[in-house]
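Since the structure comes first, as structure tokens, the remarks are kept for the end.
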Amino acid sequence: METQFKVLEDEIISGRDIVVPEFLKSWLSKPKLNFIGNEPCESNSKKVFCNINPASEEDLCWVVMSDKVDVERAIKTAREAFNRGEWAQLPQKERARIVKRLGDLILEHRAPLAILESLDTGKPIFETFEGDIPRAANNFHFFSQFAEEEEKLVFENGQDEHTSFREPLGVVALITPWNLPLYLETWKIAPALMMGNSIVLKPSELTPLTACYFAELTLQAGLPSGVFNVIHGFGDKAAGEFLVSDPGIDAISFTGETSTGRAIMRSAAVGPTRISFELGGKGATVIFEDADLETAVQETLRAGFRNQGQICLATPRVFVHEKVYGKFRDLFVEKAKQIKVGNPLNYMTRMGALIGREHWEKVMGYVCRVEAPMNIITGGDRPREIKRGAFLAPTVIENVPLDHAISRDEIFGPVVSLYSFKEEVEVVKEVNSTQYGLSASIWTQDMNRAQRVSKAIHVGLVWINCWFARDLRVPFGGQKRSGVGREGGKHSLDFFSEWKSVCIRRLS
Ligand code: NAD
């Protein structure tokens, strides 16, 4: 197997169009089942749905559609595993060893995982192979080490000794979106496992593949039965909703749309159950007149078009100081036109397909609303040479009014609007003018100005002279309607555990 994967890795980076290997074709030909108690399980509903490749619009595989009985079964299995204590009561060091092993296994299986992720999402193999899959492995490597270093707290107070330590919560529900499937699943799985919880994961119905493949890897890693469970299916009035409204769940970590967050919050009231929400965004880049324009253009292109613009941290609104607007605009558009859009299974491709036809139509719905004085400078449709699939050329629009839906809504596609500004106070107000507050990127050489603006902007993450630089210890999350709570480093451990304090009065 190892040699087979090595050959596949070489094939991926060769730059040729990759042919899906036989062993993955055979894997895809079997229906994707739930994973409960360390076993693949048919659904009680006996219903399946078709998973479609968004680039070719061909069927990829069948997936079981879970009903309430399936969800209850997964929760019961997870609870029994938790109560047995084989995982929850394992010394942290031992848990860390298995969690680290999960990261190692993902790296070993990097090539098949990258191919599956690209087939499922339409994103370029360059991104899955170089980015998403290694980053998923890193989530396990990071948390296995980070959590091990966590100390227990001891306070002496006269005759008393207070000791505080973490305990697992129990059974946690993880609900994830389609834009970074395995990466975002593992971002939650790793700390939840490290804290000793049992898990029920519901991946997005649009991207079930890598979660299925990963479930098989948990067997190899030696995770005790019932600690990690996966149920497939839809969200609203379906598997997702059954999961989050079940009183047997101790916490819900959700990443997805703000409107879904609202619905889940209502369901979670049944507990009330602890929640952490990573929601939508409408990020902004601000370019002042003293910015290093060449670098700013490069990074702003990534911030707008990486993952076809389907990143919560993307900055589809770009505010440029009037003195450099023309120069920035010309450079930006020239480079946007050069982005290679095409077959996701070719290492040289930099933009693939959007997640599917329905989403493509939603994005195009915004593009079609462009009318004078608004102006599509480039893009606005499927690239001419691509005949089918959910492809959209990098699209740049200018003169969009700030109160227009294109400026306000999360479009979640490769659509960037350019705005010119004159004054710092004016641009701060404009950046703050949406319901979202996730991220912003500021470009200037004046560090006093950069600090001032980052304080005035209502977002959870600000990058100065860069974009998407991540450190997993940093509190991650959004302000306003972009989230509830923080994940990352200690914050993830806090979310997935409960502090217990014990006070001992010494006998005199
Ligand atoms: P979505 O909200 O439609 O779906 C996310 C998940 O929730 C899916 O698994 C879905 O089946 C499930 N779901 C839907 N309705 C549900 C319900 N009523 N109860 C329980 N589960 C339900 O989001 P999406 O379209 O998959 O993902 C795109 C969104 O995710 C964008 O808004 C994006 O900004 C956001 N996102 C945010 C972050 C972040 O860190 N803030 C990261 C990635 C994506």
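Name the single residue, out of those in the stretch 372-405 being outside any loop (DSSP other than H, G, I, E, B) and within 25 Å of the chain's Cα centre (by Cα), that is farthest from Asp120 (Cα to Cα).
Among them, the one singled out is Ala405.
Can you tell me which residues in the stretch 278-303 are outside any helix (DSSP H, G or I), among the acidic types (Asp, Glu) and more than 26 Å from Gly488 (Cβ to Cβ)?
Glu289, Asp290, Asp292
Kindly provide the set of residues from the stretch 260-281 that are surrounded by fewer than 20 Cβ atoms within 10 Å (Cβ to Cβ), more than 8 Å from the ligand (Cβ to nearest atom) and either in contact (Cβ under 8 Å) with a residue 12 or more places away in the chain or not aliphatic (A, V, I, L, M) (or both), ordered by number.
Arg262, Met265, Arg266, Val270, Gly271, Pro272, Arg274
Which one is surrounded by the most Cβ atoms within 10 Å (Cβ to Cβ), of the residues in the stretch 286-329 that are without any contact (Cβ under 8 Å) to a residue 60 or more places away in the chain and closer than 15 Å to Val427 by Cα?
Val324
Within the set of pairs 6+ apart or on separate chains, which have a first residue in the stretch 176-191 that is more than 6 Å from the ligand (Cβ to nearest atom), a second that is of a type in the set (Lys, Arg) and assigned to a helix (DSSP H, G or I), and C-beta atoms under 7 Å apart?
Close Cβ pairs satisfying both conditions: Tyr183/Arg135.
Which is in the same structural domain as Ser433 (by TED's automatic domain parsing), at pLDDT 95 or above, small (Gly, Ala, Ser) and surrounded by fewer than 13 Cβ atoms within 10 Å (Cβ to Cβ), of Gly413, Gly365?
Of Gly413, Gly365, the one residue that is in the same structural domain as Ser433 (by TED's automatic domain parsing), at pLDDT 95 or above, small (Gly, Ala, Ser) and surrounded by fewer than 13 Cβ atoms within 10 Å (Cβ to Cβ) is Gly365.
If I filter the stretch 246-259 down to residues being hydroxyl-bearing (Ser, Thr, Tyr) and either under 18 Å from Lys188 (Cα atoms) or not assigned by TED's automatic domain parsing to the domain that holds Trp187 (or both), which single residue comes out as farthest from the ligand (Cβ to nearest atom)?
Here the answer is Ser253.
Select from the stretch 85-116 the residues that are among the hydrophobic types (A, V, I, L, M, F, W, C) and under 28 Å from Gly15 (Cβ atoms) and list them in ascending order.
If the condition is that a residue be among the hydrophobic types (A, V, I, L, M, F, W, C) and under 28 Å from Gly15 (Cβ atoms), then Leu105, Ile106, Leu107, Ala111, Leu113, Ala114, Ile115, Leu116 are the ones that fit.
Yes or no: Lys202 surrounded by fewer than 24 Cβ atoms within 10 Å (Cβ to Cβ) and within 9 Å of the ligand (Cβ to nearest atom)?
So Lys202 fails the test.
Yes/no per residue for (1) of a type in the set (A, V, I, L, M, F, W, C); (2) under 28 Å from Gly342 (Cα atoms):
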{"position": "Ile13", "(1), (2)": "yes, yes"}
{"position": "Leu33", "(1), (2)": "yes, no"}
{"position": "Glu39", "(1), (2)": "no, no"}
{"position": "Ser45", "(1), (2)": "no, no"}
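Scanning the stretch 342-355 for residues that are closer than 14 Å to Phe305 by Cβ and either in contact with a Leu (Cβ under 8 Å, 6 or more places away or on another chain) or charged (D, E, K, R) (or both), which turns out most open to solvent (accessible area, probe 1.4 Å)?
Arg350
Of these, Glu358, Glu334, which one is farther than 26 Å from Thr295 by Cβ and surrounded by fewer than 19 Cβ atoms within 10 Å (Cβ to Cβ)?
Only one candidate passes the filter, namely Glu358.
Considering only the stretch 224-235, how many residues are open to solvent by 10 Å² or more (accessible area, probe 1.4 Å) and under 17 Å from Phe82 (Cβ atoms)?
2
Only one residue in Phe412, Phe328, Phe332 is in contact with a His (Cβ under 9 Å, 6 or more places away or on another chain) and assigned to a helix (DSSP H, G or I), so which one is that?
Selected residue: Phe328, the only one of Phe412, Phe328, Phe332 that is in contact with a His (Cβ under 9 Å, 6 or more places away or on another chain) and assigned to a helix (DSSP H, G or I).
Just to be sure I understand the filter: pairs with C-beta atoms under 8 Å, separated by 6 or more residues or on different chains, first member in the stretch 485-498 and over 9 Å from Pro475 (Cβ atoms), second member among the basic types (Lys, Arg) and in a helix (DSSP H, G or I). Which pairs pass?
From the stretch 485-498, the pairs are Ser492/Lys188.
The values are calculated or read from the model by the stated rules, or taken from the named source; none is laboratory data. Since the model is a prediction, treat every value here as computed from it, not as a measurement. So basically every Cβ, Gly included, is an ideal-geometry build from the backbone, and we count neighbours across all protein chains shown. For accessibility, only protein heavy atoms count, side chains too; no ligands or nucleic acids. Shrake-Rupley method; radii C 1.70, N 1.55, O 1.52, S 1.80 Å.
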